[in-house]
Amino acid sequence: MDEIEIIPLTGPLDARVVLPGSKSITNRAMVLAALAQGRSVLDSVLLSDDTRYMSDALRVMGFAVEIDEPARRITVSGRGGTIPAHGGEIFVGGAGTVMRFLVAMVTLGEGRFRVDGNQRMRQRPIGPQLDAMQRLGASVYSERDNNCPPVIVDASRTRFEGGETSVDARASSQFVSAMLMPAPIWKAGLKLRVIGDTARPFIDMTLRLMEAWGARSTVEDDMIVVPGGQWYRAQRFIVEPDASSASYFAAAAALVGGTVRIEGLTSSSVQGDLGFLGVLQQMGARVVWHPDHVEVAGTGRFTGVDVAMNSMPDMVATLAAIAPFASTPTTIRNVAFIRHHESDRIRALATELRRLGATVVENDDGLEIAPSAMHPAAIETYDDHRIAMSFAVTGLKLSGVKIKDPGCVAKTFPDFFERLAALQTAS
């Protein structure tokens, strides 16, 4: 399908939404399960392009991975901190988590691994992670010497042991999470000084998941210490609903009015993107937490906000897509690094908002969006799932919004448009 037209909602929402599992947690859980000793069963997982790239990559690395699609279950047979395959070619498509995580994970192997991705992945930075690993003695480098993939990891010479280093995480928190997960198995562990506070909640998520799988660590200011010689425990693990995916339905309630009940998402979630619900509260929505779900209610009228979104960068597009309908301006700050995500998201959002008639100022690190009179348009999506899903929410309020290349949402939410269309029967 080349494009899809979004049908505006005709009345206030009264919807119950069951979301797919978190992509961030599913991919981390697969890594931890592979590093554990024995068979782990992961329930309520996300089955999407990004998680399939991870499962396929683990198979290339020699792990047994079974997927039960109807049950939304993945079973991984871990090998106790070793990599079964002696080298290999790993392709990750556009999955940043898979690229960054596996470049660090394969240091536990013996052999030469080449990790490559699609055209956009070959433009995305990984230099700070490579620098940090090289300072520890890892033989890891950018094949084209441009600090971007493809990446070569040569683990055939000496056993990598870890140690003490620093990493510049201003471009991505994934550099940190990548090094943390194999660190308990490295002989010397890891003492890591983190430079920058980009998406720190994702680092906290990684540490909490590592603890759940049996690895301890300590954090003091910008220093994270993971003792070596530890082991991960195989287990049955339930993946939380995806808080990033929840944002589109929560934003819909604020934008068109009514109530959306999001099942399984609780205030104890490890996901930093849960903070977006707090932003909606600042704008005037009502958020009520329950033991097994959260309700978001709106009136269709809301104010703008001035917010630094470096702790929840994937939520920038969702906020930007509803900001022109606010009664006051919205300013999004401290997210310069999202120019290196699946697209240059700051530029893409500014371009598409203007295409819809919005008044937008594009800054180096964010956007200023004024209350605007909007008009119909066909939205370019730049092969970026978040651009597609966010502007689809705009179309619930504004008639005539068409989303080009809607299939790009398969990266994280394959049936997103079907779920969105189901809101029609709940309004």
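Details
- Criterion (in contact with a strand residue (DSSP E or B) (Cβ under 9 Å, 6 or more places away or on another chain), over 15 Å from GLY272 (Cβ atoms) and basic (Lys, Arg)) met by exactly one of ARG216, ARG200, ARG159: ARG216
- Out of ASP314, ASP292, sole residue that is open to solvent by less than 40 Å² (accessible area, probe 1.4 Å), at pLDDT 95 or above and acidic (Asp, Glu): ASP314
- Restricted to the stretch 153-178, and to residues there that are under 18 Å from GLU110 (Cα atoms) and touching a Ser or Thr at 6+ places or on another chain (Cβ under 8 Å), the residue that is modelled with the lowest pLDDT is ARG157.
- Qualifying residue in the stretch 389-396 (condition: out of contact with any Leu (no Cβ under 8 Å at 6 or more places or on another chain) and either among the charged types (D, E, K, R) or open to solvent by 10 Å² or more (accessible area, probe 1.4 Å) (or both)): no
- Subset of the stretch 97-119 that is in a loop (DSSP other than H, G, I, E, B) and not charged (D, E, K, R) - its residue that is most open to solvent (accessible area, probe 1.4 Å): GLN119
- Annotation: of all residues in the stretch 328-379 being farther than 15 Å from ASP306 by Cβ and of a type in the set (Asp, Glu), the one that is most open to solvent (accessible area, probe 1.4 Å) is ASP364.
- Top-ranked residue of the stretch 35-77 - restricted to ones that are assigned to a helix (DSSP H, G or I), aliphatic (A, V, I, L, M) and without any contact (Cβ under 8 Å) to a residue 60 or more places away in the chain, ranked as farthest from MET205 (Cα to Cα): VAL60
- Residue within the stretch 82-96 that is of a type in the set (Ser, Thr, Tyr), open to solvent by 10 Å² or more (accessible area, probe 1.4 Å) and touching a strand residue (DSSP E or B) at 6+ places or on another chain (Cβ under 6 Å) present: no
- Flag if SER44 is at pLDDT 95 or above, hydroxyl-bearing (Ser, Thr, Tyr) and open to solvent by 20 Å² or more (accessible area, probe 1.4 Å): yes
- Every condition in (1) closer than 18 Å to GLU164 by Cα; (2) surrounded by 22 or more Cβ atoms within 10 Å (Cβ to Cβ); (3) free of Cβ contacts under 8 Å to residues at least 40 places away in the same chain is met by LEU274 except one, and the failing one is (1).
- Residue count, the stretch 197-213 (criterion: touching a residue at least 60 places away in the same chain (Cβ under 8 Å) and either open to solvent by less than 30 Å² (accessible area, probe 1.4 Å) or within 17 Å of GLY162 (Cα to Cα) (or both)): 8
- Residue under evaluation GLY300, criteria (1) open to solvent by less than 30 Å² (accessible area, probe 1.4 Å); (2) within 18 Å of the chain's Cα centre (by Cα); (3) of a type outside the set (A, V, I, L, M, F, W, C), criterion not met: (2)
- Scope the stretch 30-40; condition open to solvent by less than 20 Å² (accessible area, probe 1.4 Å) and either closer than 16 Å to LEU108 by Cβ or out of contact with any helix residue (DSSP H, G or I) (no Cβ under 8 Å at 6 or more places or on another chain) (or both); matching residues: MET30, VAL31, LEU32, ALA33, ALA34, LEU35, ALA36
- Flag for ASP56 being of a type outside the set (Lys, Arg) and open to solvent by 70 Å² or more (accessible area, probe 1.4 Å): yes
The values are calculated or read from the model by the stated rules, or taken from the named source; none is laboratory data. Quick caveat: nothing in here was measured; it's all calculated off a predicted structure. Cβ: placed from backbone, ideal geometry, glycine included. Neighbour counts: every protein chain shown. Only protein heavy atoms, including side chains, enter the accessible area calculation; ligands, DNA and RNA are left aside. Shrake-Rupley method; radii C 1.70, N 1.55, O 1.52, S 1.80 Å.
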